[in-house]
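Everything below concerns the one structure shown next.
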Amino acid sequence: MTQAEPAHTLEQHIGAWREFLRRRCAIEPADVAELEDHLRGQIAALLDAGLAADEAFLVAIKRMGAQDAIAGEFARAHSERLWKQLFAAPDGAAAAGRTAARREGIVVFALAAAAALAVKVPALFGVAMMGPDAGFYARNLGLFALPLLTAYFVWKRGLDWRTCGWLALCFATAAVVANIFPFAPDANTEVLLALHLPIALWLAVGVAYAGGRWGQSAARMDFVRFSSELFIYYTLMALGGGVLAMFTTAMFKAIGVDAGWLVGQWLLPCGAAGAVIVGAWLVEAKQGVIETMAPVLTRLFTPLFAATLIVFLATMAWTGRGIDIERNFLIAFDLLLVVVLGLLVYSVSARDPGAPRGPFDFLLVALVISALIADGVALAAIAARISEFGFTPNRVAALGENAVLLVNLAWSAWLYAGFLRGRGRFAAVERWQTAYVPVYAAWAAIVVVVFPPAFGFG
């Protein structure tokens, strides 16, 4: 088979898919062109990863089928025939796929090992993880694994040198900002920088993940799904790492050896960094399995969080007590709102846009409205505290973060309510969530760069 034949076959597959959308589904030409652009982007990334043309087309329409009902109908109608063609293919496509998988495994192992060792590099210069140098590790937490995770996607997506240069500049700038400020001992702005820098850098990871398609809403939604699935896998690996740490400590203790230094200084920190790369690889390699796990967890926890927030608001109204805005309570409250937002975002990303309205949609709107009310109460309490006692880094950061969440929750509630009333399309909810992603990174960057000098590095 010549090199031109696979390309010709691929174009035949895409042509059949295009005609399916136009004739059987009566899709407008402009919408077909947008879907085709997304499909070709998926295929190009899979071809760069080493898949054959037929394999790339099949996997691409399977992935799109998880996001779009019409694409999913085509996938179901044609995938069985395509699989039979792949298994009967005499041109060694399966062997090429295995070779590509082995090559990717080697790259992932090398990057994971590099991330693990990067955690220990400061120790060569006398910087310890604990004690007076703990602040250094906290500030640079996002710089140990995220650059290497970005490198993985740069390699996998085959990004051009210009994009690579911009991504490298982002991480270099972050490294300078994280280490140039003369923070005072126990400075609040140092803690804020440590918390917000990984959030800002996660946008750079998203640009690499999108593979040159960051301007497309579908690509940003793919990144939202990836982030959610990576969080689930990383949590599972963390639980497994905790069990491994306990067994390691117990085994060495049985022979009278204290392995605390091995676990605390090597196993946990190095494993935590390397697991970021491995988790991303698992998400990429096992998308079909993970995409059945995350929606189940979302549907399990959405009613629980909705009930919790409703009971909380009812109790607050009954007792007449306001929210305590001491730092620990405020952090816990903001984390609750972030989890609620995460449930909303992943519910939107996992939902079939063509599906009719159902009970879960009404439950999700109730969750969003409850979170919106709670966020408004928290904002009022923070603003009152600032007007009474003045500005501090923590109060201003909390005010900004709650304002960012408030805008997203308010407009999400409006769009979702419009969809439930039949006055809007669900696609508007999805587009809003993807368009809002850079806002989080922008606010995090402001906290990292502006707050330390604005508050005297205290």
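The values are calculated or read from the model by the stated rules, or taken from the named source; none is laboratory data. Nothing here was measured: the structure is a model prediction, and the numbers come from that model. All Cβ positions, glycine included, derive from the backbone under ideal geometry; neighbour counts span all protein chains shown.
Here the range 19-76 is the region considered, the condition is being at pLDDT below 65, within 27 Å of the chain's Cα centre (by Cα) and not in a helix (DSSP H, G or I), and the residue that is surrounded by the fewest Cβ atoms within 10 Å (Cβ to Cβ) is 66.
Selection within the range 201-220: residues that are in contact with a Lys or Arg (Cβ under 9 Å, 6 or more places away or on another chain) and of a type outside the set (Gly, Ala, Ser). The member of this set that is surrounded by the fewest Cβ atoms within 10 Å (Cβ to Cβ) is 214.
The C-beta contact set for the range 192-217 (first residue assigned by TED's automatic domain parsing to the domain that holds residue 137, second residue of a type in the set (Asp, Glu), distance under 8 angstrom, 6+ apart or interchain) comprises 209/222; 210/222; 212/160; 216/37; 217/430. The residues listed here are 445, 398, 371, 428; of these, the one that is touching a helix residue (DSSP H, G or I) at 6+ places or on another chain (Cβ under 6 Å), over 30 Å from residue 171 (Cα atoms), touching a residue at least 40 places away in the same chain (Cβ under 8 Å) and assigned to a helix (DSSP H, G or I) is 371.
Table: residues versus (1) surrounded by 14 or more Cβ atoms within 10 Å (Cβ to Cβ); (2) closer than 26 Å to residue 317 by Cα; (3) among the aliphatic types (A, V, I, L, M).
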| site | (1), (2), (3) |
| --- | --- |
| 346 | yes, no, no |
| 351 | yes, no, no |
| 355 | no, no, yes |
| 363 | yes, yes, yes |
| 370 | yes, yes, no |
| 376 | yes, yes, no |
| 383 | yes, yes, yes |
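Name the single residue that is surrounded by the most Cβ atoms within 10 Å (Cβ to Cβ) among those in the range 103-138 being free of Cβ contacts under 8 Å to residues at least 40 places away in the same chain and aromatic (Phe, Trp, Tyr). Only one residue fits best here, namely 137. Just to be sure before I move on: is residue 242 of a type in the set (Gly, Ala, Ser) and either modelled with pLDDT of 90 or more or part of a helix (DSSP H, G or I) (or both) in the structure I sent? So residue 242 fits the description; yes. So for the range 393-406 (the condition being closer than 22 Å to residue 299 by Cα, in the same structural domain as residue 310 (by TED's automatic domain parsing), surrounded by fewer than 17 Cβ atoms within 10 Å (Cβ to Cβ) and among the hydrophobic types (A, V, I, L, M, F, W, C)), does at least one residue qualify? Within the range 393-406 (the criterion being closer than 22 Å to residue 299 by Cα, in the same structural domain as residue 310 (by TED's automatic domain parsing), surrounded by fewer than 17 Cβ atoms within 10 Å (Cβ to Cβ) and among the hydrophobic types (A, V, I, L, M, F, W, C)), the answer is no, since none of the residues qualifies. Taken together, 146, 86, 159, 141 contain a single residue that is surrounded by 14 or more Cβ atoms within 10 Å (Cβ to Cβ), among the aliphatic types (A, V, I, L, M) and at pLDDT 95 or above, which is 146.
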